[in-house]
1. For the range 124-236, place one equal point scatterer on every Cα, skip the solvent, and apply the Debye formula. What is log10 of I(q)/I(0) at q = 0.14, 0.16, 0.22 Å⁻¹?
2. For the residue pair ARG181 and GLU231, what label-to-label distance in nm results when each label sits 7 Å from Cα along the Cα-to-beta-carbon direction?
3. Carbon and sulfur atoms: what percent of the 1.4 Å accessible area of the range 148-236 do they account for?
4. Is the shape of the range 56-173 rounded, prolate or oblate, going by the alpha carbon gyration tensor and its root eigenvalues a ≥ b ≥ c, with a/c under 1.5 for rounded and a/b larger than b/c for prolate?
5. Quick one: if the Förster radius is 22 Å, what FRET efficiency do LYS209 and TYR145 give, using the C-beta to C-beta distance and rounding to 0.05?
6. Any idea how far the Cα center of the range 74-125 sits from the one of the range 126-170, in Å?
7. I'd like the FRET efficiency for ALA218 and GLN196, computed as 1/(1 + (r/R0)^6) with the beta carbon distance as r and R0 of 22 Å, rounded to 0.05.
8. Filter the chymotrypsin sites (Phe, Trp or Tyr not before Pro) in the range 150-183 to those in DSSP coil with at most 13 other Cβ atoms within 10 Å of their Cβ, and list the result.
Amino acid sequence: MKKTDTKIKAKTNSKQAEKKTAGAKLGAFLESRGKIVSILLLVISVGLLSYVIVSKVTENSVAKKLGELDAIKFELIDNTTAPSEDDWIKKFDKAKEALAPYADKGGIVGVRANLMLGDIFASLEQYNDAVAYYKAAADKNKNSYTYSLANTQQAVCYEQLKDFSKAADCYKAASEDKNNRLRYHAMLNYARVLEQQGNVEAAKEAYQKLVDEDSSNAYAMIAKTRLLSYEIKEAK
């Protein structure tokens with residue numbers, strides 16, 4: 001046998017011996033710490049299972065609470081008995097009391113409860129209280145369609161209170177919300193309130209922005225009419 005072949009064979013045998021030694025060491029390590037490894041795997045599995053269970057329980061809890069809110073709403077709007085004005089007040093008071101524990105909740109439950117309370121106080125023409133609940137609903141989730149809804153409802157209440165500056169701020173927030181399906185409506189209302197304040201140049205800008213964004217929608221048509229009226233006035 002050539003010396004070169006002998007060296008290659010010896011090198012190969014050395015590598016195989018190293019692999020066997022490494023394998024033996026790993027086997028010995030796992031064997032000696034088998035219980036620890038098993039416990040770690042068990043902990044990980046239990047942790048994952050607990051996460052799934054907690055998620056499911058949370059999901060079921062939210063669904064349950066939303067169902068309870070729906071029951072409160074149904075009882076409030078049920079008109080089968082043709083309630084008098086006094087009966088309506090009693091219904092509102094009962095609903096307010098029932099909704100109060102949910103108003104401090106987080107997530108969609110808290111949002112829904114605050115929106116419902118805002119609607120109740122707005123119906124009673126208690127607009128300052130209504131604004132507080134609508135604001136709470138908006139603050140609880142700024143990444144949902146409910147954010148623009150809550151801001152729009154706030155704006156309506158502020159208009160009733162003749163606070164057009166705050167109404168404009170709320171309509172502006174609703175108009176800038178990409179989740180708002182009625183964004184063009186909010187843009188029009190924002191321009192309208194600016195106009196109502198006498199802030200003509202800002203109103204014209206807001207109307208023009210609506211037209212530029214989508215000139216074919218119904219709200220843009222109204223905006224065009226308002227811009228045309230200003231052109232006619234300025235031409236005289």
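1. Per q value, in the given order, log10 I(q)/I(0) is -0.57, -0.71, -1.14.
2. So the label points at ARG181 and GLU231 sit 3.4 nm apart.
3. Values: 2560 of 5010 Å².
After summing per-atom areas, the C and S share lands at 51 percent.
4. On the way: a/c = 2.49, a/b = 1.10, b/c = 2.26.
Here the range 56-173 falls in the oblate category.
5. Numbers: r = 22 Å, r/R0 = 0.98.
About 0.55, to the nearest 0.05.
6. 17
7. Details: r = 20 Å, r/R0 = 0.93.
Plugging the Cβ-Cβ distance into 1/(1 + (r/R0)^6) gives 0.60.
8. On the way: sites: TYR158, PHE164, TYR171; in loops: none.
Passing both the DSSP loop test and the Cβ count: no residue.
The values are calculated or read from the model by the stated rules, or taken from the named source; none is laboratory data. Quick caveat, the model's predicted, so the values are computed rather than measured. Virtual Cβ from ideal backbone geometry, glycine too; neighbours counted across all protein chains shown. Please note that ligands, DNA and RNA were not included when accessible areas were found on the heavy atoms of the full protein model with its side chains. Shrake-Rupley method; radii C 1.70, N 1.55, O 1.52, S 1.80 Å.
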